[in-house]
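S.K.: The following block contains the structure, expressed as structure tokens.
Just so it is clear, none of the values below were taken in a lab; they were calculated from the coordinates. Treat the numbers as computed from the prediction; the structure is a model and nothing was measured. Cβ atoms come from the backbone with ideal geometry, glycine included; neighbour counts cover every protein chain shown.
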Amino acid sequence: MTKTDFSFDKSEESTGFLLWQVTNLWQREIKKALEKYELTHSQFVLLASIHWLTLDKQSVTQILLSNHTKIDPMTTSTVLRTLQKKGLIKRQEHVTDTRAKTVGLTEIGLKNIKQAIKTVEQFDRSFFGSLDNKTKEFNNKLNTLLDKKNGT
């Protein structure tokens, strides 16, 4: 049996396959890191983004969050509902757009996300540490892929 259906001699030469493997490993490990906060990774990303955008003095809406995180609007809405039920966020009418709601962290949500951010950043430093001083270059290449996909 030959591997003529593939353009690679070894599976380790397939960029997509490697990215898939690294992503699965990273997601598995980040899930463990977030267990003590009782957060899924999507919940963490949305909470952290609410905090980030609020610190940037932006009026945080569901669509802004969806665009910022690249999580589709329906999933964003579903996860936000769960976070609201957990008492980690609050939603209120937007000041100027009656169709939109602004999203903010509750006191407990802010406390939890600040702790979770420290844990996730420490995990990322450890996980990506083997890249040594090439992390910035790696991030730039990831951004290049995101920009191409987003048509910029």
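S.K.: Any idea which of ARG125, ARG91, ARG81, ARG99 is among the basic types (Lys, Arg), assigned to a helix (DSSP H, G or I) and more than 30 Å from THR15 (Cα to Cα)?
M.R.: Only one candidate passes the filter, namely ARG81.
For (1) farther than 19 Å from THR23 by Cβ; (2) free of Cβ contacts under 8 Å to residues at least 40 places away in the same chain; (3) not in a loop (DSSP other than H, G, I, E, B), each residue gets a yes or a no:
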position: VAL95; (1), (2), (3): yes, yes, no
position: ILE108; (1), (2), (3): yes, yes, yes
position: GLN115; (1), (2), (3): yes, no, yes
position: THR119; (1), (2), (3): yes, no, yes
position: ASP132; (1), (2), (3): yes, yes, yes
position: PHE138; (1), (2), (3): no, yes, yes
position: LYS141; (1), (2), (3): no, yes, yes
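S.K.: Do we find a residue being within 21 Å of TRP26 (Cβ to Cβ), surrounded by 11 or more Cβ atoms within 10 Å (Cβ to Cβ) and of a type in the set (Val, Ile, Thr) anywhere in the range 83-91?
M.R.: no
S.K.: Let me ask another. Restricting attention to the range 44-68, which residues are in contact (Cβ under 8 Å) with a residue 12 or more places away in the chain and not in a helix (DSSP H, G or I)?
M.R.: Residues satisfying the conditions are SER59, VAL60, THR61.
S.K.: While we're looking at this one, here's another question. Might you let me know whether the range 136-149 holds any residue that is hydroxyl-bearing (Ser, Thr, Tyr) and either more than 19 Å from the chain's Cα centre (by Cα) or surrounded by 15 or more Cβ atoms within 10 Å (Cβ to Cβ) (or both)? Show your work before the answer.
M.R.: Applying the first criterion (hydroxyl-bearing (Ser, Thr, Tyr)) to the range 136-149 yields 144.
The next check asks that each one be either more than 19 Å from the chain's Cα centre (by Cα) or surrounded by 15 or more Cβ atoms within 10 Å (Cβ to Cβ) (or both); those that pass are none.
For the range 136-149, residues hydroxyl-bearing (Ser, Thr, Tyr) and either more than 19 Å from the chain's Cα centre (by Cα) or surrounded by 15 or more Cβ atoms within 10 Å (Cβ to Cβ) (or both): absent.
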